[in-house]
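Asks: I'd like to ask you about the structure that follows.
None of the figures in this text is laboratory data; all of them are computed from the coordinates on show. Computed from a predicted structure; not experimentally measured. Virtual Cβ from ideal backbone geometry, glycine too; neighbours counted across all protein chains shown.
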Amino acid sequence: MTKEEANGATEEEQQAQSKKALKKQQKEAEKAAKKAEKQAKLAAEQQSAEEDDFAKDRYGVSAMVQSQQKLDRALVRVEDLTPQKVDQLIWLRARVHTSRAKGKQCFLVLRQQQFNVQALVAVGDRASKQMVKFAANITKESIVDVEAMVRKVEQKIESCSQQDVELHIERIFVISQAEPRLPLQLEDAVRPDGDGEEEGRATVNQDTRLDNRVIDLRTTTSQAIFRLQSGVCQLFRDTLTKKGFVEIQTPKIISAASEGGANVFTVSYFKSSAYLAQSPQLYKQMCICADFDKVFCVGPVFRAEDSNTHRHLTEFVGLDIEMAFNYHYHEVIDSITDTMVQIFKGLRDNFQTEIQTVNKQFPSEPFKFLEPTLRLEYTEALAMLRDAGVEMGDEDDLSTPNEKLLGRLVKEKYDTDFYVLDKYPLSVRPFYTMPDPNNPKYSNSYDMFMRGEEILSGAQRVHDPQLLTERALHHQIDLEKIKSYIDSFRYGAPPHGGGGIGLERVCMLYLGLHNVRQTSMFPRDPKRLTP
Amino acid sequence: MSMYQVKPVSPDIKIDLPTCMYKLSNIHTRQENSCSLDHVLQNGDVDPAVRALEARQDEIMRKLYELKAAVEGLAKTVTTPDADLDVTVSSSLSSQSSSCDIFKATKNLDALLGKDLGALRDIVINANPAQPPLTLLVLHSLLCQHYRVLSTVHVHSSVSSVPPQLLSCLGPKHADSYARHMFQLGFTLIWKDVPKLEMKFSIRNMCPIEGEANVARFLFKLLAPYPSDAAVATLVDTWVDIAFYQLADGSAKERAAVLQALGSALGHAPWLCGPEFSLADIACYCCLSQNGSTSATAANVQRWIKSCENLGHFGPAKLLLK
């Protein structure tokens, strides 16, 4: 009985279920039919549209460029679109920066690096309704080839870099399509820090930027930063070459840690291990001992420091200088400071547009410097700091806040963002630093500062193997480990000195930015190894 | 009653005497010597030691008299009451040039600029290359004769280029310029795009001093005190103001009036403010020669210009005018 009942119940249930399912099916069928109808209608519409689209070979997605043919088409650059080009029919390739459809017209902003221009597709004898629709639907950041007539505009276009002309598009082909969803919007990425918060508009945070570096690098700010960085490198090379320096290349895989031994990356090297170079110091010095007289090198430098600050990277580009001098290590200081001043002057005179572009997003005071560079002695700096109420021992090293404070004091008195601090206490410098001949407490060493942050640390090096051994023992360094270093001075070594700067840090401080990751193209820090 | 003899308890034992105490000579043995000394004195003979002492005393007295005479001589040459012992120092420092004799008194830099903190006292002057501060260059060369001055010239990034004579206007580099701590005073001239000349010294305790005239007053006080007579001090100040407001910046009419006033002031004294050369003369001379109006002037003004030039302080300023 109970069984039957149970059976009956399940049957009923089944019936009910099947009824439901039936209903569902019916509905779905209806939906499908509707959809099909719609699609048919759409297709028909499209067909009809295509049929009477007179301009259908004037737009479209072109086949992937596989170097099928070599066109002799001259492409004009966006930056060259000036009133002189008015009424010319030109071809150009650019990215779609924004597009905005408005009835029978579609406004596009085409961008090429930091330049952009307004373009217009309007229904007329050249463009059809469908072409306008197509143009409006091109995704942002897609690359397009455009044939257009350059026209003068009545009112300046404030939002574009080319303000006097606009393009009237006659043909438009998509060369490479971007995905419709961008991980970040370029307009958000160039918005000045304060503005976004006030108006409730989006800004892009540092990590999103770095994760999508390819898009972030397309912004005008990034374009300007890295053009300026390339300028720094170029000016560094040019100035030093003019001064008679020789560019050298040094190995980055080394057998022993060059400076001290801490903060060094270990890599496996066949059956043993090796280290990544922390600085080209040893090799620079060996080149001096090999009579190259004055050398510099530009290359990556690795520091295994687990510090997550605004100014530390684990890999950065080092610009290193080493030179033999005649009688006084100030010859070295003069060479380095003059090189820096030439770089600053070159940037001031040739990269003003880039500096202005970066300033729009990250406002800062222009970089100020003196020529020749101001040189202060450590004792003077101490006196200035003590006068400002800082308590410090004679032989203490400068702490980061004190460095900044000193930078402010120096700026106030001398109005310079770049200066040299000379004669550091011997106890805070590495063992290879030459002691001061008149006062054993001090040394022939110097630091250089930009906007109150240290960018270069250098010294006259000990070039006498005996003194070097003494100094190493005093610092309790295992002589066995630095044997080859000491040995390189055994066969006659000229007196020499030098120093090294970090390219990223110099760019950051020159532009007054607040994070070294902004000036490193693909930054490496303890928490980031990609992209 | 005879006593019986006892053997010494400690025959020939060496006693370790503590070394931490004074040693005294045996009293018993000295007694005989003192007797002989008394004997000598009674004889009326003079002990040679006493004679030597007397001779030394005489020598000291002689030296003291000599010193007294020397000081009296010095006191005659030093007329200013503020003079202190730096005179000898400064005269040895300034021995290279006799032209600075006008400033007989130099004050201690500690008293003038505050206590030395172990760092170079650096005077920073920001000047516009379009208007080189001639007076300050003159004062700089005077300062160099009195103190060990570290002079440096810089170009600020706000100025793109500066004529070479402005870069060398503080003279050749000092041979010791690599060691800043060896100098008493720093004189740092920065060519900068400033509307008005300014001087910075101690940024914490002093606001910047603006205007060439005011900086000149500050620098001049390092060389010589202002006249103690308030009337004369005011006169100096007035002439300095006249020089900068009417000679340098004034109209042709004003300048003519100043030239006339110069003529009458120089009629009854060799210098503008009486018998002594002062800041007034430096300022007026510089502003006058800046205008190039040194030629067509009265006879006593011409004579005054000549005597200024004869002093030899105006070399650096004249180099710039060429």
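Asks: For A:D349, A:D525, what's the fewest-to-most ordering of other Cβ within 10 Å of each Cβ?
Replies: A:D349, A:D525
Asks: While we're looking at this one, here's another question. Assuming a viscosity of 0.692 mPa s and a temperature of 37 °C, what translational diffusion coefficient in µm² per second does Stokes-Einstein assign to the protein assembly as shown, Rh being the Kirkwood radius over Cα pairs?
Replies: 91 µm²/s
Asks: Provide A:F449, A:F431 in ascending order of the number of other Cβ atoms located within 10 Å of each residue's Cβ, fewest first.
Replies: Fewest-to-most Cβ neighbours within 10 Å comes out as A:F431, A:F449.
Asks: Follow-up question, since we're still on this one. For region A:72-176, compute the orientation-averaged projected area of the C-alpha convex hull (one quarter of its surface), in nm².
Replies: Mean shadow area of the hull around the Cα atoms is 6.4 nm².
Asks: What is the extension gain from A:K133 to A:V267, computed as 0.36 nm multiplied by their sequence separation minus the C-alpha to C-alpha distance, in nm to one decimal?
Replies: Difference between extended and current length: 42.6 nm.
Asks: Pick out, from A:N137, A:Q114, A:L167, the residue whose Cα sits farthest towards the positive end of the charge dipole of region A:72-176, with +1 on the Cβ of Lys and Arg and -1 on the Cβ of Asp and Glu.
Replies: A:N137
Asks: Another question, then. Tell me which DSSP H helices of chain A clear both cut-offs, 20 Å or more of axial length from alpha-carbon atoms and a mean Kyte-Doolittle hydropathy of at least -0.5.
Replies: Qualifying helices, which must be both long enough and hydrophobic enough, are A:220-242, A:330-350.
Asks: What dipole magnitude, in Debye to the nearest 20, does the protein assembly as shown give about its Cα centre under +1 on Lys/Arg Cβ and -1 on Asp/Glu Cβ?
Replies: 2300 debye
Asks: OK, next. With a sphere of radius 14 Å drawn around the Cβ of A:L22, what net charge do the other residues whose Cβ falls strictly inside it have (Lys, Arg +1; Asp, Glu -1)?
Replies: +3
Asks: Set Lys and Arg Cβ to +1 and Asp and Glu Cβ to -1, take the dipole of region B:109-223 about its Cα centre, and tell me which of B:L120, B:L189, B:N214 lies farthest positive.
Replies: It is B:L120, whose Cα lies furthest towards the positive end.
Asks: For region A:220-287 and region B:204-238, write down the distance between their C-alpha centroids in whole Å.
Replies: Going from one Cα centre to the other spans 55 Å.
Asks: Separate question: Kindly write out, for region A:305-316 in residue order, the coupling ³J(HN,Hα) from the Karplus curve 6.51 cos²θ - 1.76 cosθ + 1.60 (θ = phi - 60°), rounded to whole Hz, with x marking Gly and Pro.
Replies: Karplus values, whole Hz, x for Gly and Pro: 8, 8, 10, 9, 10, 6, 10, 10, 10, 8, 9, 9.
Asks: Quote the Stokes-Einstein diffusion coefficient, in whole µm² s⁻¹, for region A:395-448, based on the Kirkwood radius over alpha carbon pairs, a temperature of 4 °C and a viscosity of 1.567 mPa s.
Replies: In µm²/s, the coefficient is 107.
Asks: Can you find, among A:G497, A:Q88, A:T98, the residue sitting farthest towards the positive end of the charge dipole of the protein assembly as shown, where Lys and Arg contribute +1 and Asp and Glu -1 at Cβ?
Replies: Ranked along the dipole, the leading option is A:Q88.
Asks: Mean separation of Cα pairs under 8 Å and 6+ residues apart, divided by the residue count of chain A: what relative contact order is that in percent?
Replies: Contact order relative to length: 11 percent.
Asks: Could you calculate the contour length gain from A:E470 to A:S62, that is, 0.36 nm times the residue separation minus the distance between their Cα atoms, to one decimal place in nm?
Replies: 139.6 nm
Asks: Now a separate question. For the pairs A:K41/A:K129; A:K20/A:K41; A:K102/A:K152; A:K411/B:K192; A:K423/B:K173; A:K423/B:K192, flag any whose C-alpha to C-alpha distance is greater than 25 Å.
Replies: A:K20/A:K41; A:K423/B:K192
Asks: Net charge around B:E212, counting only other residues with Cβ within less than 12 Å of its Cβ (Lys, Arg = +1; Asp, Glu = -1)?
Replies: Within the 12 Å Cβ shell, the charges total -2.
Asks: Now a separate question. Take every DSSP beta bridge with both residues inside region B:109-223 and express the antiparallel ones as a percent of the total, to the nearest 5.
Replies: 25 percent
Asks: A further question on this structure: I'd like the mean, over residues of A:382-388, of how many other protein chain beta carbons sit within 10 Å of each residue's own Cβ.
Replies: 4
Asks: Further, regarding this structure: To the nearest 20 debye, what charge dipole does region B:109-223 have about its Cα centre, counting +1 at the Cβ of each Lys and Arg and -1 at the Cβ of each Asp and Glu?
Replies: Here region B:109-223 has a charge dipole of around 140 debye.
Asks: Rounded to the nearest 500 deg cm²/dmol, what is the calculated helix-only ellipticity per residue at 222 nm for chain A, with -39500 (n - 2.57) per DSSP H run of length n ≥ 4?
Replies: One gets -11500 deg cm²/dmol as the mean residue ellipticity at 222 nm.
Asks: Averaging the inverse of every distinct alpha carbon separation and then flipping it gives the Kirkwood radius. What is it for region A:221-518, in angstrom units?
Replies: When all Cα pairs of region A:221-518 are included, the Kirkwood radius is 20.1 Å.
Asks: On to the next question. Taking neighbour counts of Cβ atoms within 10 Å as a proxy for exposure, in what order, fewest first, do B:M182, A:M149 appear?
Replies: In order of increasing Cβ crowding within 10 Å: B:M182, A:M149.
Asks: For A:V96, what charge total do you get from the other residues with a beta carbon under 14 Å from its beta carbon, if Lys and Arg give +1 and Asp and Glu give -1?
Replies: +2
Asks: For region A:47-124, which semi-axes, largest first and in whole Å, follow from the square roots of 5 times the eigenvalues of its Cα gyration tensor?
Replies: Computed over region A:47-124, the values are 24, 20, 13 Å.
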